[in-house]
Structures are given as structure tokens and as C-alpha cells.
Amino acid sequence: MVSDLESTVLPSPGQVTWGQKNWKGPEDADLTVSLRRRGDLMVVSVRLRDDKTVVAADASPKAILAADHLELRWMEWGTTRFMRDQQVELGVARNKQGAPVATWFKPPKKKDTPPPTIRWTSPEAVEVEVPLAWFMPTPAKLDYYDPTRATAQFTVFFSDGDGRGQETLVNADPGMLFVADPGRPFPSLAQVVQPWVRVEDGATLRSLLW
């Protein structure tokens, strides 16, 4: 449940989803993720645990993939011809100067979309501001769908390399993600009014269902 009133912390410790044989425990690689709404943005705050930090040599996808980095994955709603969701994947790392570098491993459908705002507040902490419209439908797409009350798929991975390329993936997954209206602690319920239908004399429950 994501609101602008307090942060929502995803399940921790993270789950090792790849490279289990290389993982020595939470002190080797782990992450804590919290989410908070800020207007039309979702602020993703990540705190890392890593026994050996590897920064990106440059901003290329190859350099980011070789470094310790985050992978933010979500489903972009209704982007294909048949209105199917499309997976988007953003890679986030930092360089020797501590500045953020980012690349699209799987880009959004809209070409030339720039990466979101990223801030490394310390070598172990980073914030990413993801627009809600990137992974939630808008009223223009579906007139009775309120994006502030929708569920979304969003997962954060930490890729640990220890200087030998990608070795381990540890993730934090909220499962179902609900975003509350501004100023509210919980999402609102969508109300759908069904029309009344006259029931004939002698109707049974079976006839009403079928």
C-alpha cells in the first residue's frame, strides 16, 4: 500500500532469485526497499548491503551490467496492439564520482524516453522517482479506471558482481501494489452501480445466474 503519508517497506530480507551458489548471506548482498507517493511520482528508496562495491566504468549498458546495480522492473500497461502489458526494465548504478548512471535494459514503448530522476544519497542508498503513469493506466485509456486505485506489478532487484560480472540477483517484490489517493492512508474502493432488472414470477436462483 503506497501513500504520501508514510513509506511502505517491501518484504525483507530480499529473495535470491538467481546465482544462489554465489550468495554467502545477507552480508554479501541484500537490499531494503521502501515506496512513497509524491504527487504523480512513486519514490523508490533502496538501501543496500554489499561486502564489495563495484562502480560502473561508464554509462553504457555493458558497464552498468558489470557493476553493482539495481534493476527496476514493471509492466507498462496496455502498450501493445492488443492492449497487452509490456515489461520494462531499468538499470541503475553509480560511477567513480558517485553520480548516477542508468540505462533501459528493456525500454518503454515510447521511444527516447529518458530515465527517471535518480539520486545516490550515499554509497549504500539511492532514490528513484518513477512516474505513476509509466506502470498504471490513465483515465484516457479506460474511463472508469482510476490510476490512484489500481494495482501494479513492480519489482526491485539488486545485482551483485564483486568485480566478476553479474553473480547474484536479490529482489524485493511487493506482490500486489496499491497506490492511495493523495492525503489518504489507504486506497479508495471503486464503486460500480449495477442497473436493476425486473425478476419474473417464479424465477429461481439458477435462472437468475444463467
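The values are calculated or read from the model by the stated rules, or taken from the named source; none is laboratory data. Every value quoted in this text rests on a predicted model; they were computed, and no experiment measured them. Virtual Cβ from ideal backbone geometry, glycine too; neighbours counted across all protein chains shown. For accessibility, only protein heavy atoms count, side chains too; no ligands or nucleic acids. Shrake-Rupley method; radii C 1.70, N 1.55, O 1.52, S 1.80 Å.
Structure above, values below:
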quantity: Among residues of the range 131-169, those that are outside any loop (DSSP other than H, G, I, E, B), surrounded by fewer than 21 Cβ atoms within 10 Å (Cβ to Cβ) and at pLDDT 70 or above, counted; calculated: 6
quantity: Members of the range 116-128 that are open to solvent by 60 Å² or more (accessible area, probe 1.4 Å) and closer than 14 Å to L72 by Cα; calculated: T117
quantity: Count - residues of the range 1-21 that are closer than 10 Å to A180 by Cβ and touching a Leu at 6+ places or on another chain (Cβ under 7 Å); calculated: 2
quantity: Single unsatisfied condition, T103 versus (1) surrounded by 13 or more Cβ atoms within 10 Å (Cβ to Cβ); (2) of a type in the set (V, I, T); (3) without any contact (Cβ under 8 Å) to a residue 40 or more places away in the chain; (4) part of a strand (DSSP E or B); calculated: (3)
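Here is a yes/no grid of residues against (1) within 14 Å of the chain's Cα centre (by Cα); (2) modelled with pLDDT under 90; (3) more than 21 Å from R37 (Cβ to Cβ):
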position: T80; (1), (2), (3): no, yes, yes
position: T103; (1), (2), (3): no, no, yes
position: K111; (1), (2), (3): no, yes, yes
position: R119; (1), (2), (3): no, no, no
position: N171; (1), (2), (3): yes, no, yes
